[in-house]
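Have a look at the structure below, then the notes.
The values are calculated or read from the model by the stated rules, or taken from the named source; none is laboratory data. None of these values were measured; they are calculated from a predicted model. Here the Cβ positions follow ideal geometry from the backbone for every residue, glycine too, while neighbour counts run over all protein chains shown. Side chains are part of the model used for accessible areas, which takes the heavy atoms of the whole protein and leaves out ligands, DNA and RNA. Shrake-Rupley method; radii C 1.70, N 1.55, O 1.52, S 1.80 Å.
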Amino acid sequence: QLQLVESGGGLVQTGGSLRLSCRASGRPLRAYGMGWFRQAPGKERDFVASISQNGGSTQYADSVKGRFTISRDNANSMVYLQMNSLKPEDTAVYYCGASGGSGSYYSYEYDYWGQGTQVTVSS
């Protein structure tokens, strides 16, 4: 079984930056496509970004494209989400997910999830 633990969330002001980390254990990270999703209270879990097993392909939600960057370090079992130019609408709990495929837009295609980390952006 794969375990995922997110960290790096916090409170920042509009225009600030945060880097989220996702640490994987239990199985080799290279076997999984990885994604970041976010969920605000009372809302559905929304796609943010994904990255293929070898890091060769990435995908971003339109709302974060140009501001967020997903990356991975398979040797150290880490996935990152660099978030720049943060906006209040980015406020949510951010989740790291692992997919048996290459990583996709659809949350139901992810088999494993971390516990989430809170990101709050003040106006």
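Run through the range 24-123 and list the chymotrypsin sites (Phe, Trp or Tyr not before Pro) located in a DSSP loop whose Cβ has at most 15 other Cβ atoms within 10 Å.
Details: sites: Tyr32, Trp36, Phe37, Phe47, Tyr60, Phe68, Tyr80, Tyr94, Tyr95, Tyr105, Tyr106, Tyr108, Tyr110, Tyr112, Trp113; in loops: Tyr32, Tyr105, Tyr106.
Answer by residue number: Tyr105, Tyr106.
I'd like the distance separating the alpha-carbon centroids of the range 64-80 and the range 1-31, in whole Å.
If you average the Cα positions of each part, the centres end up 9 Å apart.
Can you tell me how the range 69-110 classifies by the Cα gyration tensor, rounded, prolate or oblate, using a/c under 1.5 as the rounded cut? Write out the running numbers ahead of the final one.
Numbers: a/c = 2.58, a/b = 1.33, b/c = 1.93.
Cα axes put the range 69-110 in the oblate bin.
State in Å² the accessible area per residue of the chain; use a 1.4 Å probe, count heavy atoms of protein chains only, and round to the nearest integer.
Details: 6230 Å² over 123 residues.
Using a 1.4 Å probe on heavy atoms only, each residue of the chain averages 51 Å².
Name all residues of the range 1-33 having a backbone nitrogen under 20 Å from the label point set 7 Å from the Cα of Ser85 along its Cα→Cβ direction, giving them as ranges.
12-20
Around Gln53, with a cut-off of 10 angstrom between Cβ atoms, what is the net charge of the other residues, counting Lys and Arg +1 and Asp and Glu -1? Don't jump to the answer; show the numbers that get you there.
On the way: positive: Arg30, Arg72; negative: none.
Once all neighbours under 10 Å are counted, the net charge is +2.
Determine the order of Asp73, Asp111 by accessible area, beginning with the largest, at a probe radius of 1.4 Å. Show your work: numbers first, answer last.
Working: Asp73 50, Asp111 95 Å².
From most exposed to least exposed: Asp111, Asp73.
Can you list the residues, at least 5 places off or on another chain, whose amide H is less than 5 Å from the amide H of Gly116, using H built in the peptide plane?
Glu6, Cys96
Just to be sure I understand the curve: with the Debye formula and one point per C-alpha of the chain, what is log10 I(q)/I(0) at q = 0.18 Å⁻¹?
Calculated log10 I(q)/I(0) at the listed q: -0.85.
Choose one answer from Gly16, Gly35, Gly103: the residue with the largest mean-square fluctuation in a GNM of the chain with alpha-carbon springs under 10 Å.
Gly16
For the chain, with only Lys/Arg (+1) and Asp/Glu (-1) charged at the beta-carbon, what is the dipole magnitude about the Cα centre, in debye rounded to 20? Numbers along the way, then the final one.
Numbers: 11 positive and 9 negative charges, 47 e Å.
Dipole size: approximately 220 debye.
Counting only protein heavy atoms and a 1.4 Å probe, tell me what percentage of the range 1-62's accessible area is made up of carbon and sulfur. Each step should come with its number before you reach the end.
On the way: 1430 of 3360 Å².
Of all accessible area on the range 1-62, carbon and sulfur atoms account for 42 percent.
Under a 10 Å cutoff between Cα atoms, tell me which one of Ala75, Ala49, Ala61 has the largest fluctuation in the Gaussian network model of the chain.
Ala75
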